[in-house]
Amino acid sequence: MVNIKGKRSHALIILQAFLAIGALAGGTMLITDPSGELIGMPSSLLQDSFFPDYLIPGILLFCVFGILPVITASGLILWWEWDAAQRFNIFKEKHWSWTFSLYSGFELIIWIMVQVYILDSVSFIHLVYAMLGLMIQIATMLPSVQAKYTLQ
């Protein structure tokens, strides 16, 4: 058992929670109404994409940016052990949740870049979520945060 007293980054947990809440809400709405009308996204935005509607993007949004950040945030808080996650942890000296936080920042930035490419336009929400991805990366890489999630 790891002594976790004082070993939490509240900023990183909040950023992961913010990402999760937005993705769970947005993903749920896109899954519920794959036409996109529920959230004001015209299906014409998908004309140059691989998707006939918003169902698959909604599922990806819900799972990758909703469920995984919830799991990551819970790991950042509780330091629970998860062998499956540890196998994908390329930084073995860090708790898997720290590494997954780094992954989520990269995933979010790539997701936004792909959206901008497919849509061939940039909206305010793209900038907000690109900044969120960058903030997750910065917060994760802070030396004080790295020290908190270094295994001993």
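The values are calculated or read from the model by the stated rules, or taken from the named source; none is laboratory data. A quick note: this is a predicted structure, and the numbers were derived from the prediction, not measured. Neighbour counts run over all protein chains shown; Cβ positions are idealised from the backbone, glycine included. Please note that ligands, DNA and RNA were not included when accessible areas were found on the heavy atoms of the full protein model with its side chains. Shrake-Rupley method; radii C 1.70, N 1.55, O 1.52, S 1.80 Å.
General remarks:
- For beta carbons closer than 9 Å, sequence separation of 6+ or different chains, a first residue in region 19-40 that is within 8 Å of residue 58 (Cα to Cα) and a second that is part of a helix (DSSP H, G or I) and hydroxyl-bearing (Ser, Thr, Tyr), the qualifying pairs are 34/43.
- Residue 57 crowded, with 16+ Cβ neighbours inside 10 Å, farther than 17 Å from residue 7 by Cβ and not hydrophobic (A, V, I, L, M, F, W, C): yes
- Lone qualifier among 78, 68 - being crowded, with 17+ Cβ neighbours inside 10 Å and touching a residue at least 24 places away in the same chain (Cβ under 8 Å): 68
- Residue within region 112-122 that is modelled with pLDDT of 95 or more and surrounded by 15 or more Cβ atoms within 10 Å (Cβ to Cβ) present: yes
- If the condition is being open to solvent by less than 40 Å² (accessible area, probe 1.4 Å) and of a type in the set (S, T, N, Q), then region 36-54 contributes only 49.
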